[in-house]
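S.K.: Before anything else, here's the structure in question.
The values are calculated or read from the model by the stated rules, or taken from the named source; none is laboratory data. Note that the structure is predicted; figures quoted are calculated from it, not measured. Cβ placement follows ideal geometry from the backbone for every residue including glycine, while neighbour counts extend to all protein chains displayed. To get the accessible areas, we keep the full protein, side chains included, count just its heavy atoms, and leave off ligands, DNA and RNA. Shrake-Rupley method; radii C 1.70, N 1.55, O 1.52, S 1.80 Å.
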Amino acid sequence: MKKLYIILFLATISGGLYAQTTNRPSTSSKRTEKEERKLKKIAIFREQEEGENVFQRDFSVGARLNTDGWSGFVEMGYRKSRKVVNYFQFEFAEKKNPKETKRQGSGGSGFSFTERPFIYGKVNNFYQAKLGIGQRYLIGGKANKNGVEVDAIYYGGLSVGLLKPYYLNVKSQDGPEQEVKYDPSNPNNNFLNDGKIIGAAGFGKGWSDLSVVPGLHARAGLRFDWAHFNEVVSALEIGVNAEMYTKKIQIMANQDDKQFFFNAYVSLQFGKRWNRR
C-alpha cells in the first residue's frame, strides 16, 4: 500500500508540473499578440502622422487670387485609392476687367472725399457661383512630416454667372441727384459724364435687376501640401482656369465683351482630414 501511495503522490506532482509547463507558452503567446497589436497601432499612427497620407476624408476652405478677379471656396475630398482623391468644390467668385480703376467723384457739393469712389465706365458686376468635381493625383508624397506632398489636379463643373448692374449717383440735367445705370439708348443720363458723377451707389443697389447666365468651367494645376501632419490640410495651389458662358458678358462700356474667360490663379486652403467611422 505504501508503494501505491508513493506512486500516486509522484503522479500528482508530475501532472502539476506538466500543467505549469503547458500553460506558460499560452500566457507568453497572449502577451506577444497584445504587443503585436500595440506595435501595429503605433505603426499606423506614425504612417498617418508622418508618412504617406492614408486618410479617407478631407474638408477645407480657401481663397483664390485670379488674374481677372478673386474667389472663395469650400472643398470636400473622398479617397478613391492610394494615389487618387475625388473631391467636390463650391466656389463664389467675381471677375474684374483690367481697365477698372477707382476714381473720386467731382460732381457733388465739393466734399468729394465723403462720397463713395466709383469705377468709371463699369457697366456690371459679374459674379459666379460654381459647383464641380475633380481629382487629385499623387505625384510625390511626404518622406516625413517636414516634407511636401505634390498632387496634380484636374477639375470641372457648372457655373452660374450673375450680372448685377453697376449704379452711380449723378447730377441730373435738372440738378438733383439720381441713381442711374448704363443705358446706351440714353446717353444723356450722365453715366459716362465724369464731371457729373458724384460717386458709386451702395452695394445693395442693382440686385433687383440681376440676370443669370449659365456656363461651364474647367481647371488644371498643381497642389503643394506642406502641413507637418497628414491630418491637417495646409496647401498652396497654382494653375489655370477656363470658363465659357452662353452669351457674351459686358463688364465695361466701350470694351470688348467676352464669352470665354481664361486666367491663371494661386490659392491657399486650410482644413483637416479624418478616417471614415
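S.K.: For the stretch 131-155, what are the residues that are closer than 15 Å to M244 by Cα and either open to solvent by 20 Å² or more (accessible area, probe 1.4 Å) or outside any strand (DSSP E or B) (or both)?
M.R.: L131
S.K.: If the Cβ limit is 8 Å and pairs must be 6+ apart or interchain, which residue in the stretch 71-85 that is among the polar types (S, T, N, Q) pairs with which residue that is exposed (fewer than 14 other Cβ atoms within 10 Å of the Cβ)?
M.R.: S71/A63
S.K.: Within the stretch 50-81, which residues are closer than 20 Å to V160 by Cβ and in a loop (DSSP other than H, G, I, E, B)?
M.R.: Answer for the stretch 50-81, where residues must be closer than 20 Å to V160 by Cβ and in a loop (DSSP other than H, G, I, E, B): just D68.
S.K.: Give the residues of the stretch 83-95 that are hydrophobic (A, V, I, L, M, F, W, C), open to solvent by 10 Å² or more (accessible area, probe 1.4 Å) and either more than 15 Å from I153 (Cα to Cα) or assigned to a loop (DSSP other than H, G, I, E, B) (or both), sorted by residue number.
M.R.: Once the filter is applied, which keeps residues that are hydrophobic (A, V, I, L, M, F, W, C), open to solvent by 10 Å² or more (accessible area, probe 1.4 Å) and either more than 15 Å from I153 (Cα to Cα) or assigned to a loop (DSSP other than H, G, I, E, B) (or both), the stretch 83-95 yields F90, F92.
S.K.: Would you be able to tell me the number of residues in the stretch 221-255 that are closer than 30 Å to Q56 by Cβ and in a loop (DSSP other than H, G, I, E, B)?
M.R.: Residues of the stretch 221-255 that are closer than 30 Å to Q56 by Cβ, as a first pass: 221-241.
Narrowing further to those that are in a loop (DSSP other than H, G, I, E, B): 226-231.
Here the count works out to 6.
S.K.: Are there any pairs, at least 6 apart or on different chains, whose C-beta atoms fall under 6 Å, with the first in the stretch 242-261 and under 14 Å from L163 (Cα atoms) and aromatic (F, W, Y) and the second open to solvent by less than 100 Å² (accessible area, probe 1.4 Å) and part of a strand (DSSP E or B), and if so, which?
M.R.: Pairs that qualify, where the first residue is under 14 Å from L163 (Cα atoms) and aromatic (F, W, Y) and the partner is open to solvent by less than 100 Å² (accessible area, probe 1.4 Å) and part of a strand (DSSP E or B), are Y245/G161; Y245/V213; Y245/G215; Y245/Q259.
S.K.: What residue, among those in the stretch 200-218 that are without any contact (Cβ under 8 Å) to a residue 12 or more places away in the chain and in a loop (DSSP other than H, G, I, E, B), is most open to solvent (accessible area, probe 1.4 Å)?
M.R.: Going through the stretch 200-218, the residues without any contact (Cβ under 8 Å) to a residue 12 or more places away in the chain turn out to be 203-204, 208.
Filter again for in a loop (DSSP other than H, G, I, E, B), leaving 203-204.
Numbers: F203: 142, G204: 58 Å².
Per the stated criteria, the residue is F203.
Residue-wise test of (1) open to solvent by less than 10 Å² (accessible area, probe 1.4 Å); (2) on the phi < 0 side of the Ramachandran plot; (3) touching a Ser or Thr at 6+ places or on another chain (Cβ under 9 Å).
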position: S81; (1), (2), (3): no, yes, no
position: R116; (1), (2), (3): no, yes, no
position: F126; (1), (2), (3): yes, yes, no
position: A129; (1), (2), (3): no, yes, yes
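S.K.: Considering only the stretch 198-257, state which residues are of a type in the set (K, R) and closer than 17 Å to K130 by Cβ.
M.R.: Within the stretch 198-257, R219 is the sole residue that qualifies.
S.K.: Another one. Mind listing whichever residues of the stretch 254-271 are over 16 Å from F224 (Cα atoms) and in contact with a Phe, Trp or Tyr (Cβ under 6 Å, 6 or more places away or on another chain)?
M.R.: Taking the stretch 254-271 and keeping what is over 16 Å from F224 (Cα atoms), we get 254-264.
Matches in the stretch 254-271: Q259 only.
S.K.: Taking the stretch 96-114 as the search range and keeping residues that are among the basic types (K, R) and either exposed (fewer than 14 other Cβ atoms within 10 Å of the Cβ) or not in a strand (DSSP E or B) (or both), which one is modelled with the highest pLDDT?
M.R.: K96
S.K.: Hey, does the stretch 104-121 have a residue that's of a type in the set (D, E, K, R) and touching a Phe, Trp or Tyr at 6+ places or on another chain (Cβ under 7 Å)?
M.R.: Looking through the stretch 104-121, none of the residues is of a type in the set (D, E, K, R) and touching a Phe, Trp or Tyr at 6+ places or on another chain (Cβ under 7 Å).
Per-residue answers, yes or no, for (1) open to solvent by less than 20 Å² (accessible area, probe 1.4 Å); (2) part of a strand (DSSP E or B); (3) modelled with pLDDT of 95 or more:
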site: G161; (1), (2), (3): yes, yes, yes
site: V170; (1), (2), (3): yes, yes, no
site: Q173; (1), (2), (3): no, no, no
site: I198; (1), (2), (3): yes, yes, no
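S.K.: Could you check the stretch 233-257 and list, in sequence order, the residues that are open to solvent by 20 Å² or more (accessible area, probe 1.4 Å) and farther than 20 Å from G72 by Cβ? Before you say what the answer is, go through the steps one by one.
M.R.: First pass over the stretch 233-257, keeping only residues open to solvent by 20 Å² or more (accessible area, probe 1.4 Å): 236, 238, 240, 242, 244, 246-248, 250, 254-257.
Selection gives M244, T246, K247, K248, Q250, N254, Q255, D256, D257.
S.K.: Testing K3 on (1) surrounded by fewer than 10 Cβ atoms within 10 Å (Cβ to Cβ); (2) charged (D, E, K, R); (3) modelled with pLDDT of 75 or more, one condition comes back false. Which one is that?
M.R.: Every listed condition holds for K3 apart from (3).
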